[in-house]
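What follows is a short report on a single structure.
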């Protein structure tokens, strides 16, 4: 994993880390460099603007943004950068079963796309981010192929145990 982060992982609150850590963990497993921090669209809008506007110049290729409740962070970041943004709806303590977060991230207006994964599915966001950057990195391609092969082996092993 190179020192220059390729993926930015941001979240609206430190309380989202228990979900967003899954993205960091899978990126580490796949050998993709990342940075991780808290950027609140509502409480620190200047920080959000600065983060999004400087992301490409700092070498980031993809941003993963997790947010709960009203979940404006992914869409607002997407409006400020040309980089792909992957939104992770987080079921937070003030959430309406997560639907508010899902719909806030999913229902973006034309021209400001945000790729959206399932509720609390930061791991899938990490895998998708790795797949995006793999288009320019054969090492990551190999790691993704190996990772997906390991998933296949786990299923086959489970089937053998059940059929046993």
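The table that follows gives values for the structure above.
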item: Candidate set: segment 96-123, residues that are assigned to a helix (DSSP H, G or I) and surrounded by fewer than 18 Cβ atoms within 10 Å (Cβ to Cβ); chosen: the one farthest from the chain's Cα centre (by Cα); result: 99
item: Residue in segment 50-59 that is surrounded by 15 or more Cβ atoms within 10 Å (Cβ to Cβ), without any contact (Cβ under 8 Å) to a residue 40 or more places away in the chain and either in contact with a strand residue (DSSP E or B) (Cβ under 8 Å, 6 or more places away or on another chain) or part of a loop (DSSP other than H, G, I, E, B) (or both) present; result: yes
item: Residue 82 vs. criteria part of a loop (DSSP other than H, G, I, E, B) and at negative phi; result: yes
item: Test set (1) under 14 Å from the mean Cα position of the chain (by Cα); (2) buried (at least 16 other Cβ atoms within 10 Å of the Cβ) - residue 25 fails condition number; result: (2)
item: Test: residue in segment 7-24 that is under 25 Å from residue 145 (Cα atoms), out of contact with any strand residue (DSSP E or B) (no Cβ under 6 Å at 6 or more places or on another chain) and at pLDDT 95 or above; result: yes
item: Selection count, segment 1-20, where residues are surrounded by fewer than 16 Cβ atoms within 10 Å (Cβ to Cβ) and touching a residue at least 60 places away in the same chain (Cβ under 8 Å); result: 1
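The values are calculated or read from the model by the stated rules, or taken from the named source; none is laboratory data. All values reported here derive from a predicted model rather than from experimental measurement. Neighbour counts are summed over all protein chains in view; Cβ atoms, including those assigned to glycine, are modelled from backbone coordinates with ideal geometry.
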